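Report on one structure; see the data block that follows.
The values are calculated or read from the model by the stated rules, or taken from the named source; none is laboratory data. Nothing here was measured: the structure is a model prediction, and the numbers come from that model. Positions of Cβ are backbone-derived with ideal geometry, glycine not excepted, and every protein chain shown enters the neighbour counts. The area values use the complete protein model at the heavy-atom level, side chains included, leaving out ligands, DNA and RNA. Shrake-Rupley method; radii C 1.70, N 1.55, O 1.52, S 1.80 Å.
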Amino acid sequence: MIKNIVRGLSALSLALIPLLSAPAAQAAPAPEVTTLADAVGLVKVTEEDRTGYTRTKFKHWNAGEDTSDGCHTRNEVLIAEAVVAPTVESGCKLTGGTWRSYYDGQEVTNAGALDIDHMVPLAEAWDSGASAWTATRREAYANDQGSEVSLVAVTARTNRQKSDQDPADWMPPSPEAQCRYVGEWVSTKLRWQLTADDRELEAVKVFAEGPCEDTIVRYTPAA
């Protein structure tokens, strides 16, 4: 009887050893938090160069953050950003649902009327450093759901008006959206260590030192 108890305790001790010796799971890095004015100062300034750019160098949309849900990145973003959840049918077909396009304040009830905008457009990212990245990193950028601000569901009209322009040439038509937009633009640049040219940075500074001085920027550097 005593021998059996001893054997049982020994087995339990051996079972616990891997649990006690295993390293603790690494916590997700805390985001950097700063004012918009200070964040602007962290963006490096260089000349931009679009030589060699094609949209196909940024593979998207891929299988998304959850590769088992049958939804590609576009639909995952639509599901995540819906203010009224759509019904997800076979093949990740979305029906119903409601979204609010913050660029223009429009309420949208048809997913097909929305584009998923890259906060910093692919061409702008190429100009600002992505031309030197691997294809894998460009794919990660084009499908980035690790930050809530990298991809945004907006009306197709505003996304196409924006095209590949930076804040020196385009801002959301809704004045209420502009401080959020500038903050998210700078956040994305810092997350991916992208640069800015002089005109772009000066345009952002106008907002950072004026109407958007209270805007807070949060970002976590991309792996």
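Based on the Cβ-Cβ distance from residue 95 to residue 176, what FRET efficiency comes out when R0 is 25 Å, to the nearest 0.05? The value I calculate is 0.25. Compute the Cα gyration tensor for the stretch 43-105, then decide on rounded, prolate or oblate, letting a ≥ b ≥ c be the square roots of its eigenvalues: rounded whenever a/c is under 1.5, prolate when a/b is larger than b/c in the other cases, and oblate in all that remain. Cα axes put the stretch 43-105 in the oblate bin. The count of lysine pairs in the chain whose Cα atoms are under 22 Å apart, excluding pairs fewer than 8 places apart on the same chain, comes to 10. Ranking 155, 177, 193 by how far each Cα lies toward the positive end of the dipole of the stretch 150-198 (charges on Cβ) leaves 155 at the top.
For the stretch 64-115, which GluC sites (Glu not before Pro) are in a loop by DSSP, counting at most 15 other Cβ atoms within 10 Å? Qualifying residues, ordered by number: 65.
Relative contact order, whole percent, for the stretch 20-131 stands at 21, derived from Cα pairs under 8 Å and 6 or more residues apart. Once both labels are positioned 7 Å from their Cα atoms along Cα-to-Cβ, the gap between residue 223 and residue 107 label points is 4.0 nm. The simple spin-label model puts a point 7 Å past each Cα toward its Cβ; for residue 156 and residue 49 those points are separated by 3.7 nm.
The length gained by stretching the chain between residue 62 and residue 38 to full extension, at 0.36 nm per residue less their Cα-Cα distance, is 5.2 nm.
Using only side-chain charges placed at the Cβ, +1 for Lys and Arg and -1 for Asp and Glu, the dipole size of the chain relative to its Cα centre rounds to 1180 debye. Given axes a ≥ b ≥ c from the Cα gyration tensor, I'd like to know whether the chain is rounded (a/c under 1.5), prolate (a/b larger than b/c) or oblate. Because a/c hits 1.5 or more and a/b exceeds b/c, the chain counts as prolate. Of the DSSP H helices in the chain, those with a Cα length along their own long axis of 24 Å or more and a mean Kyte-Doolittle hydropathy reaching 1.0 comprise 2-21. Protein heavy-atom surface of the chain, 1.4 angstrom probe: 54% of the accessible area is carbon and sulfur, with nucleic acids and ligands not counted. The dipole here belongs to the stretch 80-188: it is taken about the Cα centre, uses +1 on the Cβ of Lys and Arg and -1 on the Cβ of Asp and Glu, and is about 200 debye. Quick one: compute the contact order of the chain, relative version, from alpha carbon pairs under 8 angstrom and 6+ residues apart, as a percent. Contact order relative to length: 29 percent.
Shape of the stretch 72-127 from the C-alpha gyration tensor: oblate (a/c of 1.5 or more and a/b not above b/c, with a ≥ b ≥ c the square roots of its eigenvalues).
Of 103, 207, 84, whose Cα points farthest to the positive end of the dipole of the chain (charges on the beta-carbon: +1 Lys, Arg; -1 Asp, Glu; origin at the Cα centre)? Farthest along the dipole direction, towards plus: 84.
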